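Written below as structure tokens is the structure these notes are about.
Bear in mind that the values in this text are calculations on the coordinates, not laboratory data. Predicted model, so just to flag it, every value in this text is computed and none were measured.
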């Protein structure tokens, strides 16, 4: 074995020699994590993504299909880049829909299975499940 290589046995032996330092670092890490979990406020974040497509667009089966459509516009529509005339198919519409108060309110008051409950059919809304504390139920 080369002197520059480190084996698992050598690493384990080095840790056993310095066991007090290893335990101290582990306990300090747990302590810092506990303090941070108590001090920092909870944060709930989510990400949503979507892809809009034209309902009439079909993927090309070959080069012959591309030749049937006129010009660059036909190629763009085959790739899903076509311009739609319906505003409900634009990406801005879906962004506004995902951020709408109505959709967010419906999500917040919807009932979901409560894994903490003993009863198998019990459910709770998101405010109860995430234990969000607020005096104003509408704001929570």
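Compute the Rg/Rh shape ratio of region 1-44: radius of gyration over Kirkwood radius, all on alpha-carbon atoms.
Working: Rg = 17.1 Å, Rh = 13.2 Å.
My calculation of the ratio gives 1.30.
Please say if region 100-140 is rounded, prolate or oblate, where rounded means a/c under 1.5 for a ≥ b ≥ c the square roots of the C-alpha gyration tensor eigenvalues, and otherwise the choice is prolate for a/b larger than b/c and oblate otherwise? Please list the in-between numbers first.
Values: a/c = 3.55, a/b = 1.59, b/c = 2.23.
Judged from the Cα gyration tensor, region 100-140 comes out oblate (a/c at least 1.5, b/c at or above a/b).
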